[in-house]
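Asks: What follows is a structure written as structure tokens; I'll ask about it next.
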Amino acid sequence: MKAAVYRNYGPPGVVAIEEVETPSAGENDVLVKVRATTVTTGDARMRAFRMPRGFGLPGRLGLGIFAPRNTVLGMDFAGDVAAVGRNVTAFKAGDAVFGAAGRCHAEYLVVRHTASIALKPAGVSYEEAAAAPFGGVTALIFLKDWAGVRSGDNVLVIGPSGAVGSAAVQIARDAGAEVTGVSSAANADLVRSLGARHTIDYAREDFTQSGGTYDIIMDTVGATSFARAQGVLRAGGRFLALVTSLGELLFLPAWTKMTGTKRVIAGVAVAGSEKIQALAQLLETGRFKPVIGARYPLERIAEAHAAVDTGHKRGNVVVTIGA
Ligand SMILES: NC(=O)c1ccc[n+]([C@@H]2O[C@H](COP(=O)([O-])OP(=O)(O)OC[C@H]3O[C@@H](n4cnc5c(N)ncnc54)[C@H](OP(=O)(O)O)[C@@H]3O)[C@@H](O)[C@H]2O)c1
């Protein structure tokens with residue numbers, strides 16, 4: 001099968017299409033013929049070995065010290081079940097599925113049947129389904145599980161036009177929150193169309209001076225800090241930090257929990273079967289519609305990486321396979 005392989009850390013050009021062995025399903029596995037995947041900021045970070053401060057050593061130990069151990073990237077998939085192992089009852093050959101896994105930048109992928117995989121709702125395209133997990137799971141975990149967003153909350157999303165931010169606006173709105181997005185003027189219409197009531201242009205206005213106060217501030221792009229934002233957080237407010245240094249990750253949540261009512265929430269959102277099922281429901285009912293800013297065929301995946309590297313993609317960059 002064809003796969004996008006990277007054998008060294010570096011710029012988008014380190015990714016090349018190669019023939020590799022097609023995996024096969026073990027007795028608890030589902031073999032998926034991938035129809036669509038994404039290049040996420042996570043993939044681009046791993047490819048370039050561009051880690052937040054403090055994550056260099058753990059990153060090298062996890063990914064490979066001199067070169068990547070796992071040479072195929074990709075975190076989201078949508079496709080058709082090609083085969084299942086003998087213990088698998090929830091899926092059968094021919095089912096359309098989607099989810100989150102490693103090594104999605106390939107024609108075939110093996111996923112454990114109890115892992116992050118669900119049936120794709122019929123009315124949702126493979127491309128949309130593939131664009132759902134990275135941003136959708138992160139937004140669900142940060143906003144609902146960790147911050148407990150409620151109807152009537154005032155929520156500020158910084159970076160609302162990105163993969164995580166565009167999902168966060170929709171999920172906060174769906175929970176009944178009043179959402180403000182801090183975006184560029186060029187993306188303000190998009191952000192409003194996703195459900196934000198207000199937008200603040202980050203090039204012209206400072207959100208800390210715009211008169212609003214918030215129950216939740218979600219910084220999806222690492223554009224600000226708790227120190228700057230806390231003045232516009234209400235008592236009991238939560239600052240959701242998606243991009244932190246290792247020191248901030250270890251120190252700030254614990255420190256703010258001990259010292260006041262305003263808290264920093266940080267961590268790594270990890271998908272799971274239950275979250276992918278929840279996304280399937282949101283997709284099926286139209287309450288979450290992933291934003292797709294660009295599409296590339298697998299053969300041009302290096303261009304997809306370059307688009308992600310700009311830091312200014314809209315929503316998700318989708319890669320189609322065998323279309
Ligand atoms: N902790 C976790 O579990 C977790 C999970 C997933 C992702 N992440 C991290 O979250 C970050 C965001 O991921 P993503 O995929 O959503 O990013 P992304 O899609 O690449 O974000 C790009 C978007 O952010 C906007 N943007 C850039 N600078 C901005 C600024 N200063 N203020 C407001 N908007 C700005 C851009 O719009 P303009 O073109 O208009 O500037 C663009 O639409 C990544 O660093 C990723 O590693 C963390």
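Throughout, read-outs are computed from the coordinates displayed, never taken from laboratory work. Note that the coordinates shown come from a computational prediction; the quantities given were computed from them, not determined experimentally. Because the Cβ atoms are built from the backbone with ideal geometry, glycine has one as well, and the counts that use them run over all protein chains shown.
Asks: For the pair T310 and S125, how long in nm is the line joining their label points, each one 7 Å along Cα→Cβ?
Replies: It is 1.9 nm.
Asks: Shifting gears a bit: For the chain, what is the mean residue ellipticity at 222 nm derived from helices alone (per DSSP H run of n ≥ 4: -39500 (n - 2.57); sum divided by total residues; nearest 500 deg cm²/dmol)? List each step's numbers first, then the result.
Replies: Values: 10 runs with 85 residues, N = 323.
The helix contribution divided over the chain gives -7500 deg cm²/dmol.
Asks: Does segment 25-184 classify as rounded, prolate or oblate by the C-alpha gyration tensor (a ≥ b ≥ c root eigenvalues; a/c under 1.5 gives rounded; else a/b over b/c gives prolate, otherwise oblate)? Provide the component values of the computation, followed by the final result.
Replies: Values: a/c = 2.19, a/b = 1.25, b/c = 1.75.
Here segment 25-184 falls in the oblate category.
Asks: Separate question: Using a simple spin-label model with points 7 Å from Cα along the Cα→Cβ vector, what separation in nm is obtained for D80 and S193?
Replies: 3.1
Asks: Read phi for every residue in segment 195-211 and hand back ³J(HN,Hα) as whole Hz from Karplus 6.51 cos²θ - 1.76 cosθ + 1.60, θ = phi - 60°, with x for Gly and Pro.
Replies: Going residue by residue, I get x, 6, 7, 10, 10, 10, 7, 5, 7, 10, 9, 9, 4, 6, 10, 8, x Hz, with x marking Gly and Pro.
Asks: Still on this model: What FRET efficiency would be calculated for the residue pair Q277, R150, taking the C-beta separation as r and a Förster radius of 30 Å, to the nearest 0.05? Could the numbers behind the result be given before it?
Replies: Working: r = 22 Å, r/R0 = 0.75.
Calculated value: 0.85.
Asks: So if I average 1/r over every pair of distinct C-alpha atoms in segment 134-266 and take the inverse, what Kirkwood radius in Å does that give?
Replies: 14.3
Asks: Considering only V157, A241, L31, whose Cα is most displaced toward the positive end of the charge dipole of the chain, charges sitting on Cβ of Lys, Arg (+1) and Asp, Glu (-1)?
Replies: A241
Asks: Take the alpha-carbon centre of segment 147-171, take the same for segment 304-319, and report the distance between them in whole Å.
Replies: Rounded to whole Å, the Cα centres lie 20 Å apart.
Asks: Oh, and also: ³J(HN,Hα) across segment 313-321 via Karplus (A = 6.51, B = -1.76, C = 1.60, θ = phi - 60°), whole Hz, x for Gly/Pro?
Replies: Ordered by residue, 3J(HN,Hα) equals 5, 9, x, 10, 9, 9, 10, 9, 10 Hz.
Asks: List the equivalent ellipsoid semi-axes of the chain in whole Å, largest first, each obtained as the square root of 5λ for an eigenvalue λ of the Cα gyration tensor.
Replies: Values: eigenvalues 220, 94, 70 Å².
Calculated on Cα positions only, the semi-axes equal 33, 22, 19 Å.
Asks: What is the extension gain from A223 to A269, computed as 0.36 nm multiplied by their sequence separation minus the C-alpha to C-alpha distance, in nm to one decimal? Display every interim value, and only then the final one.
Replies: Values: separation 46, 0.36 × 46 = 16.56 nm, distance 1.91 nm.
Answer, rounded to one decimal: 14.6 nm.
Asks: Under the rule of at least 5 residues apart or a separate chain, name every residue whose amide H is placed under 5 Å from the amide H of R35.
Replies: Amide H neighbours of R35: A78, G79, D80.
Asks: For segment 173-207 and segment 1-23, what is the centre-to-centre distance using only Cα atoms, to the nearest Å?
Replies: 37
Asks: How many lysine pairs are close in the chain, with Cα atoms under 22 Å apart and the two 8 or more places apart or on different chains?
Replies: Counting lysine pairs in the chain gives 14.
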